[in-house]
Structures are given as structure tokens and as C-alpha cells.
């Protein structure tokens, strides 16, 4: 009886009496995802997600991007961390559709972020409106956006801010390569490989070896926390918590992006390939489980087992992009095949017809929406990673089409 009362209270608080909310609830309860043959081309889904991201930015008064649309409260305040790494997505989409408005939106975010930088060079965590506290991970993600803005514009104000942030990260790094101070719940995290990545981008931009050394030190520490089956220790948000697919994908992406930069500069050859192999090992384990169950679960324990019955859509989109990135390097068709399937899965959960701008085109935190990851909400980072994954899929498929068209034809094919 108590559980039933709690459910009724949750549904009331999430305002399921509103038609647009009720529609999502009914669809998710009966798992009425869009059928495969009714899915739209990627461009349609991407355009809808980008329109949602623009609505999320327009919902704030500061040029940042609203953290999420919540069924109970509507649009949340801006979230500096994810606004930061939305910047490269906006630049990429601006080039793809040749529309300057997305470029302008990206720079509005970047300029807003400059106004938030703390005196010590760090950037604050949490949504805008909370007391600003420096956070390692958030600082790294904002650096990705600022360095992207620097590459796009050549304006050194973005590089100077990234340098101050990078200096702070180097200064507070632990001797073993981890970060402990100013971290989420004051504990070490292997998903900080996504902080090593912007440090390597900063090294690329400046040739300052301290950023290269700090990044490699952390990557080596994270590598030491990988089990033989690919699972990472210290990868959850809190102690004794099985990691979400979201943070697992953060970790693998950090390894992949770092390996890509080091490989490009012929740095740390053998160690560089170990970083790549670490991402492949974890990704392969997840791919096997996805192919068997046909459903990407939200969390996985150290044996790659899951007791959850919901999916973390953010992590799904991240994982799809990770698999596509791996395919670009090793051309293993299994990763491409699995990525196409998981992209279609996330596409099938996107509502393209809702009249509610907080729902239409957005990506839920969880499927079903009452799953425990960002419950009853549409987070901006889910839409961002979804767009990234679909745009990379289109790029790879176009390249494959080009390769096929230009293959030498045999006499039999010519006939």
C-alpha cells in the first residue's frame, strides 16, 4: 500500500495529469517505442534534438543551456559543465547544415562561461544559482568547450581561460595521477579520463609539457584500475555503487580521445595503444551483452551483470559514439553494427510529435522515464550525445558509400 501511495505521489508531482506528460507515461509503461520501419532519417532526429537544445538555451536568461526539462518544474537553470561540452556539438552542426546561428549560439555559451571562471582558474559545479564551488570534472568539460571556441575563432581569451583552468588541474592533482580534492563526493573517479583529454588538447595548443605529463599520469592511474574483464574500479558516482553506463562511457571516451591525440603526435606509442585497448576491452564486453539482451541496461557490476530494468539513454548515445570511434580505428564491423542498433534504440524513444517544447526532440534521462537516472527529466547532455552519435554515424556511412562506389569493378560486376 505504501509503495502504491508513493507511486501515485510521484506521478502527481511529475504532473502526469498534463496531456503531454501522460502521453509519455503511457508510451513508456507499455514500451510503445517507435517501430524500426517508422524511424526517420538521422537528419530528422538530429534536427529535432538541436531544436530542443536551442529551446533549452532560450529558456535561460544568461546564454547558458538549461540543465534539463523536468516534468515537475519545467526548465531548470543553466548548467555550466554540460553547456561547455555542448559548444563543440553546436560548431559541428553549424558546419553540417551551413547555418551560422549555431556558431553564434556556441560563442554565446563560451562568453558566458568566461564570466563564471573562479579566481583560482577552476569552474564551478552544479546548476547556476548554487554557491560556486570548484569541481575537477566540470572544469575539464568546460575546457573542451573553450578550446573548441579558440580553434574556431582564434580568439585568445578562450585559450587564456583554458590555461588558467589547466594550471589549476595540474596544481591539485594527486601524486599518483588521480584527482581527489574538489571532486564529486570527494573521491577519486576513473571517469576523470575525460579530464585528461582536455589537458592533452591544451598541450596541443600550447606545447606545454606539464599538461601532457599530467594527462598521461592520470591515464596510467585509470589504466591500473581496469580489471582483466574490462570493468573499471572507482567508476561510480559514490562508494560501493555500480557505475552507470554514462560514467563507463565517459571513461572509455577519455581513453579513446587521449589515444587519438597521442597517436597523431606519435607520443607514447606502446602506452598510447594500451589506452586504446582499454577502451576496446570495456566496449567489447558491453557490446556482447547488448547483442545478447537487445537492451542496454543502466548499470553494470564488476562481472558486467545488471539488475536494473531501465536504460540510461545518455549512456546509450555515448556508447554508440564510442563504438563508432573504435570502428574508425580498427574497422571491426561488429562495433559499427552494434552502434547502428543502439542509435536506432535511442531514436525510437525520441518524441518528435509532442506539442510540449520541453519534450519534443529531447532525450529522456531514463527509459522508461521513471528510471532512476535523471528521473522524469530530459537532460541537455542526453540530447548532446545523441546528436554527436548520429552525426558520426552519418559521416561513417557516407564514407563507406564513397569507398564502395570507388572500388574497382570486376568484369562480372561490370556486365
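The values are calculated or read from the model by the stated rules, or taken from the named source; none is laboratory data. All of these numbers come straight from a predicted model, not from anything done at the bench. So basically every Cβ, Gly included, is an ideal-geometry build from the backbone, and we count neighbours across all protein chains shown.
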Residue 236: outside any helix (DSSP H, G or I) and within 30 Å of residue 307 (Cβ to Cβ), yes or no?
-> yes
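Of the residues that sit in the range 210-232 and are surrounded by fewer than 18 Cβ atoms within 10 Å (Cβ to Cβ) and in contact with a helix residue (DSSP H, G or I) (Cβ under 7 Å, 6 or more places away or on another chain), which one is nearest to residue 179 (Cα to Cα)? Step through it out loud before you land on a result.
Quick first cut of the range 210-232, residues surrounded by fewer than 18 Cβ atoms within 10 Å (Cβ to Cβ) only: 210, 213, 220, 224-225, 227-229.
Cutting the leftovers down to in contact with a helix residue (DSSP H, G or I) (Cβ under 7 Å, 6 or more places away or on another chain) gives us 210, 225, 229.
On the way: 210: 16, 225: 14, 229: 25 Å.
Residue satisfying both the conditions and the ranking: 225.
Listed here are the residues, each with its yes/no results for (1) modelled with pLDDT of 95 or more; (2) in contact with a helix residue (DSSP H, G or I) (Cβ under 8 Å, 6 or more places away or on another chain); (3) assigned to a helix (DSSP H, G or I); (4) over 24 Å from residue 89 (Cβ atoms).
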residue	(1), (2), (3), (4)
16	no, yes, no, yes
23	no, no, yes, yes
31	no, no, no, yes
48	yes, no, yes, no
64	yes, yes, no, no
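Let me confirm something: among 355, 334, 360, which residue is under 22 Å from residue 287 (Cβ atoms), touching a residue at least 40 places away in the same chain (Cβ under 8 Å), out of contact with any strand residue (DSSP E or B) (no Cβ under 9 Å at 6 or more places or on another chain) and surrounded by fewer than 24 Cβ atoms within 10 Å (Cβ to Cβ)?
Numbers: 355 fails: under 22 Å from residue 287 (Cβ atoms); 360 fails: under 22 Å from residue 287 (Cβ atoms).
Residue meeting the stated conditions: 334.
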Inter-residue pairs, beta-carbon under 8 Å, first farther than 13 Å from residue 145 by Cβ and in the range 94-118, second assigned to a loop (DSSP other than H, G, I, E, B), 6+ apart = 118/132
Residue that is surrounded by the fewest Cβ atoms within 10 Å (Cβ to Cβ), among those in the range 365-386 that are assigned to a loop (DSSP other than H, G, I, E, B), in contact (Cβ under 8 Å) with a residue 60 or more places away in the chain and touching a strand residue (DSSP E or B) at 6+ places or on another chain (Cβ under 9 Å) = 372
Wholly within the range 255-364, helices (runs of 4 or more DSSP H) carrying at least 2 residues that are modelled with pLDDT under 95, within 17 Å of the chain's Cα centre (by Cα) and closer than 26 Å to residue 86 by Cβ | none
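Just to confirm my filter: which helices (runs of 4 or more DSSP H) fall fully inside the range 83-183 and include at least 2 residues that are out of contact with any strand residue (DSSP E or B) (no Cβ under 6 Å at 6 or more places or on another chain) and within 20 Å of residue 215 (Cα to Cα)? Let's see the steps before the verdict.
Details: elements: 100-114, 136-153, 156-172.
Per the criteria, 136-153, 156-172.
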